[in-house]
Amino acid sequence: MVNPSKPHIALLASPGLGHLIPIVELAKRLVAQHGFTVTVFAVTTGAHQAENKLLCSATSSCAGLFSTVALPNVVNDSLDIDPSAGILPRILAMVRCTLPTLRSSISDMKVKPVAIIVDQFGIEAVKVVAEEFNMLKYVFIASNAWFLAYLTYLPYLQKRVYPNTPLYIPGCKSIPGGDLLDHTFEPDSRAYRDFVSMGRDITRVDGIFINTWEDLEPETLGTFKDGMSLNSIVKVPVYPIGPVIRRPKEVAKNKLTEWLDDQLDESVIYVSFGSGGTLSTQQTIELAWGLELSKHRFIWVFRPPTENDSSASLFKSMDKADESISKCLPNGFLDRTRDRGIIVSKWINQEEILQHRSIGGFISHCGWNSVNESIVNGVPLIAWPLYAEQNMNATMLVEDLGIAIRPKVKPSKGLVRREEIEKMVKFVMDSEGFGLRKRVKDLQISANLALKEDGSSYSALSKVARDCNKKFQSNQPYEKCN
Ligand code: UDP
């Protein structure tokens, strides 16, 4: 159903819950705050049941203004992509396969959308449908402004970049060599070429949304403003509209929430590596020991260990790999920690957990949604980056925002030992971590202010809504007044 007096907007989410969740939340905001009708196209993978649940609950909560179209599941293994090419080429190829269906679905719509919003990996869709159907085009970077700076500056690099050399980006903090995505050093690789063309294409839309807010990254956002350094590359408006995250109103009681209810305030550390992160066997054992030695209470979202692939569960259902959890853990661990730890297999409703008053810390892979969710709930972090831009995110959390600590060795490069894990957990959860907690609570306030009706993120989205309304009015057939 489409409200005939308001714009209809199409949104496209690329594969992965880290992309689907913020796109769905943005769509819900367009409905709730601006009365728009939305259709969310989701390239689903079937890796997590949460995909379907998310789409169904959004549809039912938005009183007929929210429709979803699941684009055919793409079997990961049947893609014509060398598995070693990396995550980006795989995601782009998955989206590419669904473009004919996207095009024909839009073509069949009686009320055509006035705009399309895609996440960065859906950028090729813009070329396919926006011109043909005369739509405004926006890209939603499901990450932060520093990553946008990296992405848009990459096509203009004059020199080859080498590991351990920081990457200078005009107007913002340089990226330490060790934090750069691996393809940055391999200009002949497919991933590099894909990143460069993505970086160029996203500057050719009508506006770029980012899942950040003015007070979180004032300096980096400043470099995109009129007349500033990166404005010569990104000439279109950049709209910080974040944090765009799920915020459950009511949480149904279950065993887990009841257990949390019984714990003291800020006494439980939550451990999760996002929708895709997995650890090696040895690292899983060290982490278990570290948690046990810390003597703190914990909730751990557990995935079966995988060797040499830290994003193994991103698009693959781990159901078949459901080995007995106890086999992957140190002998006797489950018995010894029975009274103070809970292990959940593969998936948890993270937004419900992080908002609980008893959560006091988060061991996180630093996916940007998880970071935003942690900040909005005032929870300090132990940064455990694994893949994609997560090392950059970790550096931002530790060095710029001061709301996290991180192990000495990069978890994607080496083993983090139990003694260090024990020490980090104690630091964050005990009084030593007071500074981190204070700063994250200050940021929590600033995030909430940005989302209020006169806040910076609310206003940024309202500007786009005005442009969509104008486009909608101009598309209306001319009515003659006699
Ligand atoms: N998530 C969740 N339960 C889990 C794991 C992840 O609800 O067990 C959600 C998490 O709250 C976040 C998203 O999935 O909204 C993951 O996005 P993020 O950017 O943190 O990491 P990614 O999975 O994209 O690497």
Centre separation in Å (Cα based) which lies between the range 392-446 and the range 88-147
36
Quick check: pseudo-label points 7 Å beyond the Cα along Cα→Cβ at L157 and Q282, how many nm apart are they?
3.0
Give the long-range amide H neighbours of I342: residues separated by 5 or more places, or on another chain, with amide H under 5 Å away, using H modelled in the peptide plane at 1.01 Å from N.
F298, I299, W300
Magnitude of the charge dipole, the range 58-117, Cβ model with Lys/Arg +1 and Asp/Glu -1, debye to 20
320
Averaged per residue, the 1.4 Å probe accessible area of the range 139-232, protein heavy atoms only, in Å², is roughly 41
Solvent exposure ordering (accessible area, 1.4 Å, most first) of C97, C62:
C97, C62
Compute the FRET efficiency between K295 and S459 as 1/(1 + (r/R0)^6), taking r as their Cβ-Cβ distance and R0 = 30 Å, and round to the nearest 0.05.
0.05
Nearest 20 debye, what's the magnitude of the dipole of the range 238-371 about its Cα centre given +1 on Lys and Arg Cβ and -1 on Asp and Glu Cβ?
160
Can you give the convex hull volume of the alpha carbon atoms of the chain per residue, in Å³?
147
Rounded, prolate or oblate: which fits the range 249-407, taking a ≥ b ≥ c as square roots of the Cα gyration tensor eigenvalues, rounded meaning a/c under 1.5, else prolate when a/b beats b/c?
rounded
Among L20, N52, S67 the positive-end extreme of the charge dipole of the range 1-96 (Cβ point charges)
S67
Nearest 20 debye, what's the magnitude of the dipole of the range 27-161 about its Cα centre given +1 on Lys and Arg Cβ and -1 on Asp and Glu Cβ?
360
Mean-position separation - Cα centroids, the range 1-24 and the range 253-279, in angstrom
29
Given R₀ = 60 Å, what would the calculated FRET efficiency be for N164 paired with S105, taking r from the Cβ atoms and rounding to 0.05?
0.80
Farthest toward the dipole's positive end in the chain, which of N349, Q158, P237, given Cβ charges of +1 (Lys, Arg) and -1 (Asp, Glu) about the Cα centre?
P237
Whole Å is fine, so just give me how far the alpha carbon centre of the range 167-208 lies from that of the range 334-370.
32
For the range 45-120, accessible area per residue (1.4 Å probe, heavy atoms of protein chains only), Å²
46
Which FRET efficiency value, to the nearest 0.05, do you get for K225 and K127 by plugging their Cβ-Cβ distance into 1/(1 + (r/R0)^6) with R0 = 22 Å?
0.20
Listed residues A191, L279, S294: farthest to the positive end of the dipole of the chain (Cβ charges):
A191
At a 1.4 Å probe radius, carbon and sulfur cover how many percent of the accessible area of the chain?
50
Measure off 7 Å from each Cα along the Cα-to-Cβ vector at S267 and N475, then give the distance between these two points in nanometres to one decimal.
5.6
Mean residue ellipticity at 222 nm from the helices of the chain, using -39,500 (n - 2.57) per DSSP H segment of n ≥ 4 over the full residue count, to the nearest 500 deg cm²/dmol?
-11500 deg cm²/dmol
If I ignore ligands, DNA and RNA and count only protein heavy atoms, how much of V464 is accessible to a 1.4 Å probe, in Å² to the nearest 10?
10
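The values are calculated or read from the model by the stated rules, or taken from the named source; none is laboratory data. Keep in mind that what you see is a predicted model, and the values were worked out from it rather than measured. All Cβ positions, even for glycine, are placed from backbone atoms using ideal geometry, and neighbour counts span all protein chains on display. Just the protein is used for accessible areas: all its heavy atoms, side chains included, with ligands, DNA and RNA removed. Shrake-Rupley method; radii C 1.70, N 1.55, O 1.52, S 1.80 Å.
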